[in-house]
1. List, please: which pairs have Cβ atoms under 9 Å, are six or more places apart or on different chains, and start with a residue in region 33-58 that is at positive phi and end with one that is open to solvent by 50 Å² or more (accessible area, probe 1.4 Å)?
2. Would you please list the contacts, defined by Cβ atoms under 8 Å and residues six or more apart or on different chains, that run from a residue in region 153-182 that is closer than 23 Å to MET195 by Cβ and in a helix (DSSP H, G or I) to a residue that is open to solvent by 40 Å² or more (accessible area, probe 1.4 Å) and of a type in the set (Ser, Thr, Tyr)?
3. What tally of residues in region 239-256 results from selecting those that are open to solvent by 50 Å² or more (accessible area, probe 1.4 Å), touching a residue at least 40 places away in the same chain (Cβ under 8 Å) and either farther than 24 Å from ARG95 by Cα or part of a helix (DSSP H, G or I) (or both)?
4. Of the numbered conditions (1) modelled with pLDDT under 85; (2) of a type in the set (Val, Ile, Thr); (3) under 17 Å from the mean Cα position of the chain (by Cα), VAL100 fails exactly one; give the number of that condition.
5. Do we have VAL236 as modelled with pLDDT under 95, out of contact with any Lys or Arg (no Cβ under 8 Å at 6 or more places or on another chain) and either in a helix (DSSP H, G or I) or open to solvent by 40 Å² or more (accessible area, probe 1.4 Å) (or both) here?
6. Looking at this structure, is LEU201 closer than 17 Å to GLY171 by Cα and at pLDDT 90 or above?
7. Could you tell me which numbered condition ARG151 fails, if it satisfies all but one of (1) open to solvent by less than 60 Å² (accessible area, probe 1.4 Å); (2) farther than 19 Å from THR62 by Cα?
8. Quick test for you: out of SER176, SER128, pick the one residue that is among the polar types (S, T, N, Q), farther than 19 Å from ILE237 by Cβ and at pLDDT 90 or above.
Amino acid sequence: MVKILVIDDDRMNCDLLQAVLARHGYDVHSATSGAEGLNLFRQHKPRVTILDLRMPEMDGLTVLKDIRAMDPHAPVIILGGGASEAQENQARALRVTDFVRKGLSLDVLVEGVNRVVQQPARKPDGASGQAAPAADTGETVLVVDDEQLVRDLLVQFLSLRGYRAMGVNDGAQALSMVEQVPPDLILLDLMLPGMSGVEVLRRLRERNYNGVVIIVTGSSDDELLEEAWSLRPQEVISKPIDLEKLLAIIQLVLVCREC
């Protein structure tokens, strides 16, 4: 039977979804907290996870970030009743599979689950269903992004792939880190508070930083992107980030740097 995981702090809602999905032939597991949900995710490796966005202690975005670190491709459907636009955007940045508002017909949710289940499953890294820790590459990556969830996701994802990854939330911290111990590669968000990513890159060039710089941005401002390209980053990647594509680009540019 196909396994479904429901994570919702409302026990009644968990029981309702469990009953409805079980009637459609699914093996349903449920948790009423983020920590319990992550434990069940590790244990059962569900085909689809249904995740409430608003929960106490550990909210849905934090749970989604941890799920993405374990399996970048795991299908996750967000239950987003009462979510702000910023929360919805953060969920999309973390590549949520679908977004269903609470209060809609349960048929809509079931159809969403059926649609995901009918698609070919993408295998996670590692036979256990979790991202298998890779050997330490010895290469350091600095993630510069003011969105904590995105920053933490990238740091965890790259750490699991063998990189020595660290994160900061603004340009001033990034420049200070580079001054102390220059990383091999910088993932630099273009839209930063205070000092923009373009200004950070300009200062890196003035200081003759010889590592790799990859710009990460959700902006579609052609003038801004042209200015960024003029400062010679190795690549510009759009948000929401495809983690596997990002990993391939990082591996490629680091190898080419040594050629």
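1. Between residues of region 33-58 that are at positive phi and residues that are open to solvent by 50 Å² or more (accessible area, probe 1.4 Å), the close pairs are LYS45/LYS3; LYS45/SER128; LYS45/GLN130; GLU57/ASP9; GLU57/ALA35.
2. Hits for this filter: GLY171/SER196.
3. The number of residues fulfilling the criteria is 0.
4. So the condition that VAL100 fails would be (3).
5. Working: modelled with pLDDT under 95: yes; out of contact with any Lys or Arg (no Cβ under 8 Å at 6 or more places or on another chain): yes; either in a helix (DSSP H, G or I) or open to solvent by 40 Å² or more (accessible area, probe 1.4 Å) (or both): no.
No, not satisfied.
6. Values: closer than 17 Å to GLY171 by Cα: yes; at pLDDT 90 or above: yes.
Criteria met by LEU201.
7. ARG151 satisfies all of (1) open to solvent by less than 60 Å² (accessible area, probe 1.4 Å); (2) farther than 19 Å from THR62 by Cα except (2).
8. Numbers: SER128 fails: at pLDDT 90 or above.
None of the others qualify; the one that does is SER176.
The values are calculated or read from the model by the stated rules, or taken from the named source; none is laboratory data. Owing to the predicted nature of the structure, the values given are computational and were not obtained by experimental measurement. Positions of Cβ are generated from backbone atoms using ideal geometry, with glycine treated the same way; all protein chains shown enter the neighbour counts. Heavy atoms of the whole protein, side chains included, go into the accessibility calculation; ligands, DNA and RNA do not. Shrake-Rupley method; radii C 1.70, N 1.55, O 1.52, S 1.80 Å.
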